[in-house]
1. So residue 59 ticks every box in (1) surrounded by 19 or more Cβ atoms within 10 Å (Cβ to Cβ); (2) within 12 Å of ligand 2 (Cβ to nearest atom) but one. Which box is left unticked?
2. Quick check on residue 120: is it touching a strand residue (DSSP E or B) at 6+ places or on another chain (Cβ under 6 Å), surrounded by fewer than 16 Cβ atoms within 10 Å (Cβ to Cβ) and either under 21 Å from residue 197 (Cα atoms) or at pLDDT 95 or above (or both)?
3. So in region 167-190, with the set limited to residues that are surrounded by 12 or more Cβ atoms within 10 Å (Cβ to Cβ) and assigned to a helix (DSSP H, G or I), which one is nearest to ligand 1 (Cβ to nearest atom)?
4. So residue 83 fits all but one of (1) under 24 Å from residue 176 (Cα atoms); (2) away from ligand 1 (no atom under 16 Å from the Cβ); (3) assigned to a loop (DSSP other than H, G, I, E, B); (4) touching a helix residue (DSSP H, G or I) at 6+ places or on another chain (Cβ under 9 Å); what number is the exception?
5. Spot the failing condition for residue 53; the list is (1) closer than 21 Å to residue 202 by Cα; (2) in a loop (DSSP other than H, G, I, E, B); (3) modelled with pLDDT of 95 or more, and only one is missed.
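The values are calculated or read from the model by the stated rules, or taken from the named source; none is laboratory data. Since the model is a prediction, treat every value here as computed from it, not as a measurement. For neighbour counting, all protein chains shown are included, and Cβ atoms are generated from backbone atoms with ideal geometry for every residue, glycine included.
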Ligand SMILES: Nc1ncnc2c1ncn2[C@@H]1O[C@H](COP(=O)(O)OP(=O)(O)OP(=O)(O)O)[C@@H](O)[C@H]1O
Ligand SMILES: Nc1nc2c(ncn2[C@@H]2O[C@H](COP(=O)(O)O)[C@@H](O)[C@H]2O)c(=O)[nH]1
């Protein structure tokens, strides 16, 4: 009886089911997520990851990422503060337990934007999110988007394109993702994304309306 009570309590505290977004760098994850969160700010909350990469112009510490040194991040990982972490394009990235808890404490759908290694590692945890893959229409379009974004050195760009090839192959594995969205036309991709999340969005709105 105590165990059942505890399980219910924990489930209630955990809030709505989180959503994991993954897909090649440059596919358009951040673009789609920012639109989604802006339109539904009382429904979704972003899990702010840690990274050892430098902030890009316009990015803000604590909003886009927690920008940390490799030493500090490795120490926190060793201390068990992270749900998952990965080396990507020469930098460390990771989701802290605190980042997810901060969103869940507000009863919002927690959004994680993570690479494929992160997806595999989250699958080993009890987070049980919905998994959405955002894919580019082609490698050529992906490369153009990354180049036009003007955020990467040639070395970083090549690493990201290499990771994208691996990512696009792994995404085809049956069962890896619940939903795959090809981001060709932005408005169409956004419409498909909202459709995929409609049930979860309505659940949260209903719960908030009755509380
Ligand atoms: N449908 C689209 N059509 C044209 N350009 C797009 C589209 N979606 C996104 N972009 C542009 O492509 C670039 C990459 O998008 P974005 O930064 O959102 O990708 P990302 O998947 O979040 O990348 P990363 O994983 O590196 O953070 C941006 O400059 C963005 O404005
Ligand atoms: N495994 C994780 N991957 C993460 C996390 N936060 C971001 N990412 C992924 O890193 C790449 C590159 O991001 P960028 O901002 O430098 O372009 C991208 O694919 C993200 O999805 C994380 O906490 N864990």
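1. The failed condition is (1).
2. no
3. That would be 186.
4. (3)
5. If we test residue 53 against (1) closer than 21 Å to residue 202 by Cα; (2) in a loop (DSSP other than H, G, I, E, B); (3) modelled with pLDDT of 95 or more, just (1) comes out false.
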